[in-house]
Amino acid sequence: LGEDPALYADIFDQETVKSKADLTPLIEFIRFVNESTDEEFATHLSEHLDVAAFADYLAVHNLLANNDSLAGMGNNYYLYYDFDTEKFTILSWDMNESLGRMAMGGSQMDIYWEYVGGNFGRGFGGPPGRGGTHLLLKRFLANAEFRALYKERYRALYGRIYGDDLLMP
(Lines give C-alpha, C1' and ligand atoms only; values in the text may rest on other atoms or scores of the structure.)
Protein backbone atom coordinates (compact mmCIF):
# COMPACT_ATOMS: atom_id res chain seq x y z
CA LEU A 1 0.00 0.00 0.00
CA GLY A 2 3.02 2.29 0.19
CA GLU A 3 5.22 3.79 2.89
CA ASP A 4 2.58 5.73 4.84
CA PRO A 5 1.66 3.75 7.99
CA ALA A 6 -1.81 5.35 7.95
CA LEU A 7 -2.60 3.31 4.82
CA TYR A 8 -2.41 0.13 6.93
CA ALA A 9 -4.70 1.30 9.75
CA ASP A 10 -7.77 -0.54 8.41
CA ILE A 11 -5.83 -3.76 7.76
CA PHE A 12 -3.43 -4.12 10.69
CA ASP A 13 -4.06 -3.28 14.31
CA GLN A 14 -0.91 -2.78 16.34
CA GLU A 15 -1.53 -4.43 19.73
CA THR A 16 1.73 -3.65 21.52
CA VAL A 17 4.34 -0.91 21.52
CA LYS A 18 1.65 1.48 20.28
CA SER A 19 3.76 4.46 21.24
CA LYS A 20 6.36 3.21 18.77
CA ALA A 21 4.11 3.00 15.73
CA ASP A 22 6.98 2.37 13.33
CA LEU A 23 5.46 0.00 10.81
CA THR A 24 8.60 -0.08 8.67
CA PRO A 25 9.34 -3.78 9.38
CA LEU A 26 5.76 -4.73 8.52
CA ILE A 27 5.73 -2.66 5.34
CA GLU A 28 9.08 -4.13 4.27
CA PHE A 29 7.85 -7.67 4.97
CA ILE A 30 4.65 -7.14 2.98
CA ARG A 31 6.64 -5.66 0.11
CA PHE A 32 9.07 -8.59 0.21
CA VAL A 33 6.27 -11.19 0.10
CA ASN A 34 4.48 -9.34 -2.71
CA GLU A 35 7.37 -8.24 -4.90
CA SER A 36 10.30 -10.64 -4.47
CA THR A 37 11.09 -13.07 -7.23
CA ASP A 38 10.74 -16.76 -6.44
CA GLU A 39 14.52 -17.00 -6.10
CA GLU A 40 14.68 -13.99 -3.77
CA PHE A 41 11.78 -15.38 -1.75
CA ALA A 42 13.53 -18.73 -1.30
CA THR A 43 16.87 -17.17 -0.45
CA HIS A 44 15.77 -14.33 1.84
CA LEU A 45 12.50 -15.38 3.52
CA SER A 46 14.38 -16.55 6.60
CA GLU A 47 15.75 -13.02 7.02
CA HIS A 48 12.18 -11.78 7.53
CA LEU A 49 10.33 -14.74 9.06
CA ASP A 50 11.05 -17.55 11.50
CA VAL A 51 10.59 -20.19 8.81
CA ALA A 52 10.67 -23.25 11.09
CA ALA A 53 8.06 -21.72 13.40
CA PHE A 54 5.90 -20.89 10.37
CA ALA A 55 6.10 -24.51 9.17
CA ASP A 56 5.06 -25.62 12.68
CA TYR A 57 2.19 -23.11 12.69
CA LEU A 58 0.89 -24.49 9.39
CA ALA A 59 1.25 -28.08 10.53
CA VAL A 60 -0.56 -27.48 13.82
CA HIS A 61 -3.46 -25.71 12.12
CA ASN A 62 -3.71 -28.47 9.54
CA LEU A 63 -3.61 -31.16 12.23
CA LEU A 64 -6.31 -29.34 14.19
CA ALA A 65 -8.39 -28.79 11.04
CA ASN A 66 -8.52 -25.06 11.75
CA ASN A 67 -9.53 -23.50 8.48
CA ASP A 68 -10.26 -20.18 10.19
CA SER A 69 -6.56 -19.27 10.29
CA LEU A 70 -3.77 -18.01 8.08
CA ALA A 71 -3.38 -21.63 6.99
CA GLY A 72 -6.96 -21.69 5.71
CA MET A 73 -8.90 -18.55 4.94
CA GLY A 74 -5.93 -16.28 5.61
CA ASN A 75 -7.10 -14.63 8.82
CA ASN A 76 -7.11 -14.89 12.63
CA TYR A 77 -3.43 -14.63 13.40
CA TYR A 78 -0.97 -12.19 14.88
CA LEU A 79 2.33 -11.14 13.41
CA TYR A 80 4.86 -10.87 16.20
CA TYR A 81 7.97 -8.84 15.41
CA ASP A 82 11.03 -9.66 17.49
CA PHE A 83 13.19 -6.56 17.71
CA ASP A 84 16.24 -8.65 18.67
CA THR A 85 16.14 -11.06 15.73
CA GLU A 86 14.36 -8.57 13.43
CA LYS A 87 12.07 -11.36 12.24
CA PHE A 88 8.35 -11.99 12.28
CA THR A 89 6.64 -15.02 13.78
CA ILE A 90 3.03 -15.99 13.15
CA LEU A 91 1.04 -16.47 16.35
CA SER A 92 -2.23 -18.35 16.62
CA TRP A 93 -5.37 -16.50 17.63
CA ASP A 94 -9.07 -17.37 17.79
CA MET A 95 -8.94 -21.13 17.42
CA ASN A 96 -12.54 -21.80 18.43
CA GLU A 97 -13.36 -23.13 14.96
CA SER A 98 -10.79 -25.93 15.15
CA LEU A 99 -11.35 -29.66 14.89
CA GLY A 100 -13.20 -29.63 11.62
CA ARG A 101 -16.36 -27.72 12.39
CA MET A 102 -16.82 -24.14 11.39
CA ALA A 103 -19.90 -21.93 11.59
CA MET A 104 -20.41 -20.02 8.36
CA GLY A 105 -23.51 -17.88 7.94
CA GLY A 106 -25.30 -19.55 10.84
CA SER A 107 -24.76 -23.09 9.64
CA GLN A 108 -22.05 -25.61 10.34
CA MET A 109 -19.64 -26.54 7.60
CA ASP A 110 -17.39 -29.59 7.67
CA ILE A 111 -13.76 -28.90 6.87
CA TYR A 112 -11.72 -31.89 5.77
CA TRP A 113 -7.98 -31.54 6.07
CA GLU A 114 -5.87 -34.41 5.07
CA TYR A 115 -2.36 -35.32 4.23
CA VAL A 116 -2.26 -38.44 2.12
CA GLY A 117 0.72 -39.16 -0.08
CA GLY A 118 1.51 -35.51 -0.63
CA ASN A 119 -2.11 -34.43 -1.16
CA PHE A 120 -3.07 -31.61 1.19
CA GLY A 121 -6.79 -31.93 0.57
CA ARG A 122 -8.89 -28.76 0.60
CA GLY A 123 -7.31 -27.17 3.65
CA PHE A 124 -4.85 -24.73 2.20
CA GLY A 125 -6.88 -22.06 0.49
CA GLY A 126 -10.12 -22.43 2.33
CA PRO A 127 -13.28 -24.24 1.46
CA PRO A 128 -14.78 -23.71 -1.98
CA GLY A 129 -16.32 -20.28 -2.35
CA ARG A 130 -14.79 -18.91 0.87
CA GLY A 131 -11.76 -16.70 1.41
CA GLY A 132 -8.58 -17.08 -0.52
CA THR A 133 -5.10 -18.32 -0.08
CA HIS A 134 -2.81 -16.04 1.89
CA LEU A 135 0.07 -15.00 -0.40
CA LEU A 136 2.75 -15.87 2.17
CA LEU A 137 1.26 -19.35 2.53
CA LYS A 138 0.91 -19.79 -1.22
CA ARG A 139 4.51 -18.80 -1.92
CA PHE A 140 5.82 -20.80 1.03
CA LEU A 141 4.20 -24.03 -0.13
CA ALA A 142 5.10 -23.39 -3.78
CA ASN A 143 8.78 -23.56 -2.85
CA ALA A 144 10.04 -27.15 -2.80
CA GLU A 145 12.41 -26.60 0.14
CA PHE A 146 9.81 -24.87 2.31
CA ARG A 147 7.16 -27.41 1.38
CA ALA A 148 9.55 -30.23 2.35
CA LEU A 149 10.15 -28.49 5.70
CA TYR A 150 6.39 -28.24 6.20
CA LYS A 151 5.92 -31.96 5.43
CA GLU A 152 8.75 -32.86 7.81
CA ARG A 153 7.26 -30.76 10.62
CA TYR A 154 3.77 -32.11 9.88
CA ARG A 155 4.95 -35.72 10.16
CA ALA A 156 6.87 -35.00 13.38
CA LEU A 157 3.96 -33.17 15.00
CA TYR A 158 1.48 -35.78 13.81
CA GLY A 159 3.54 -38.43 15.56
CA ARG A 160 3.71 -36.38 18.75
CA ILE A 161 0.01 -35.43 18.76
CA TYR A 162 -1.85 -38.37 17.22
CA GLY A 163 0.66 -41.12 16.66
CA ASP A 164 2.64 -43.45 18.84
CA ASP A 165 -0.51 -44.62 20.64
CA LEU A 166 -0.75 -41.37 22.58
CA LEU A 167 -4.52 -41.08 22.23
CA MET A 168 -5.37 -44.75 22.70
CA PRO A 169 -4.32 -46.99 25.61
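A compact table of results
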item	result
Pair list, Cβ under 6 Å, 6 or more apart: region 146-164 residue buried (at least 19 other Cβ atoms within 10 Å of the Cβ), other residue of a type outside the set (S, T, Y) and at pLDDT 90 or above	F146/F140; L149/A55; Y150/A55; R153/A55; R153/D56
Residue satisfying all of: in region 71-85; surrounded by fewer than 23 Cβ atoms within 10 Å (Cβ to Cβ) and assigned to a loop (DSSP other than H, G, I, E, B); modelled with the highest pLDDT among these	T85
Unmet requirement for M104, which otherwise passes all of (1) over 20 Å from Y158 (Cα atoms); (2) modelled with pLDDT under 75; (3) open to solvent by 60 Å² or more (accessible area, probe 1.4 Å)	(3)
Complete set of residues in region 123-141 that are under 14 Å from A55 (Cβ atoms) and modelled with pLDDT of 65 or more	L136, L137, R139, F140, L141
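The values are calculated or read from the model by the stated rules, or taken from the named source; none is laboratory data. Remember, it's a predicted structure, so these values are computed and weren't measured experimentally. When we count neighbours, we look across all protein chains shown, and the Cβ atoms used for this are built from the backbone with ideal geometry, even at glycine. Areas reflect the complete protein model, heavy atoms only, side chains present, ligands, DNA and RNA absent. Shrake-Rupley method; radii C 1.70, N 1.55, O 1.52, S 1.80 Å.
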